[in-house]
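Peer 1: Handing you this structure, nothing more for now.
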């Protein structure tokens, strides 16, 4: 597939999405929102994809919405925002519900929607010099791109309120401390480490990973009995898969399992 604003490669089970608007700080306009959704759909529907890696070219991961694009819309800003967010939100939801784990490598600044998108990853690695800021209210805007869903869950309500209302910039170490990112790595090792991790997921039990994602996405709102029933159905389903049988046999035979993603 050809894209205007990003790159997508699929190799050995790993889909690598690269935001590619470096001269515009990888900011989100209509074209990038469309491309991101198309890439997400490809990752979700292509049976060869068993893990997804999201990274960005240039020195900035994503500066949020493209305010130049928004300004160019004049009186049509509300409809432009509606269109961009509808596409972006569909992409985020698609990647959240696909079986493949989503690894995100954050380099440089993640602002606005960039910070929001980074919070949506299953595993988030941050370069040591990266930084994060909500930025929305500084431009007189409300948050989007899943931040009001993910941030209270991953960093807590009080910290979310602070960061959304004050737009305070936090560095990589604070992001790690509050739970926004999974790990901080040296800048020059970021992409290699993120790719290595994503490649390991691409060789893992894809259906089991998907069940983990599905179980967790609603776990904070389900009653105990409902959640346990979902767990029962999930482990039953995975126990009947080829990978489930392989995992059990490998454990008993004291060998490394050879998962096929089935």
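The values are calculated or read from the model by the stated rules, or taken from the named source; none is laboratory data. This is a predicted model, so every value here is computed, not measured. Positions of Cβ are backbone-derived with ideal geometry, glycine not excepted, and every protein chain shown enters the neighbour counts.
Peer 1: Please list, ordered by first then second residue, the pairs with beta carbon atoms under 7 Å, 6 or more apart or interchain, first in the range 73-87 and not assigned by TED's automatic domain parsing to the domain that holds residue 145, second surrounded by 16 or more Cβ atoms within 10 Å (Cβ to Cβ).
Peer 2: none
Let's see how each residue does on (1) within 26 Å of residue 17 (Cα to Cα); (2) touching a helix residue (DSSP H, G or I) at 6+ places or on another chain (Cβ under 8 Å); (3) touching a residue at least 24 places away in the same chain (Cβ under 8 Å):
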{"position": "120", "(1), (2), (3)": "yes, yes, yes"}
{"position": "145", "(1), (2), (3)": "yes, yes, yes"}
{"position": "155", "(1), (2), (3)": "yes, yes, yes"}
{"position": "161", "(1), (2), (3)": "no, no, no"}
{"position": "171", "(1), (2), (3)": "yes, no, yes"}
{"position": "178", "(1), (2), (3)": "no, yes, no"}
{"position": "189", "(1), (2), (3)": "yes, no, no"}
{"position": "203", "(1), (2), (3)": "yes, no, yes"}
{"position": "223", "(1), (2), (3)": "no, no, no"}
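Peer 1: Quick check on this structure: which one of 60, 17 is outside any helix (DSSP H, G or I), within 17 Å of residue 124 (Cβ to Cβ) and touching a helix residue (DSSP H, G or I) at 6+ places or on another chain (Cβ under 6 Å)?
Peer 2: Matching residue, one of 60, 17: 17.
Peer 1: Still on this structure, I have one more. Would the range 169-181 turn up any residue that is under 18 Å from residue 101 (Cβ atoms), touching a strand residue (DSSP E or B) at 6+ places or on another chain (Cβ under 8 Å), assigned by TED's automatic domain parsing to the domain that holds residue 57 and surrounded by 16 or more Cβ atoms within 10 Å (Cβ to Cβ)?
Peer 2: Yes, some residue in the range 169-181 is under 18 Å from residue 101 (Cβ atoms), touching a strand residue (DSSP E or B) at 6+ places or on another chain (Cβ under 8 Å), assigned by TED's automatic domain parsing to the domain that holds residue 57 and surrounded by 16 or more Cβ atoms within 10 Å (Cβ to Cβ).
Peer 1: Check 246, 225 and return the single one that is surrounded by fewer than 13 Cβ atoms within 10 Å (Cβ to Cβ) and either within 22 Å of residue 149 (Cα to Cα) or not assigned by TED's automatic domain parsing to the domain that holds residue 46 (or both).
Peer 2: 225
Peer 1: Restricting the range 231-242 to residues that are part of a helix (DSSP H, G or I) and in contact with a helix residue (DSSP H, G or I) (Cβ under 6 Å, 6 or more places away or on another chain), which is surrounded by the fewest Cβ atoms within 10 Å (Cβ to Cβ)?
Peer 2: Within the range 231-242, the match that is surrounded by the fewest Cβ atoms within 10 Å (Cβ to Cβ) is 234.
Peer 1: Within the range 209-216, can one find any residue that is surrounded by fewer than 15 Cβ atoms within 10 Å (Cβ to Cβ) and in the same structural domain as residue 243 (by TED's automatic domain parsing)?
Peer 2: Yes: the range 209-216 contains one or more residues that are surrounded by fewer than 15 Cβ atoms within 10 Å (Cβ to Cβ) and in the same structural domain as residue 243 (by TED's automatic domain parsing).
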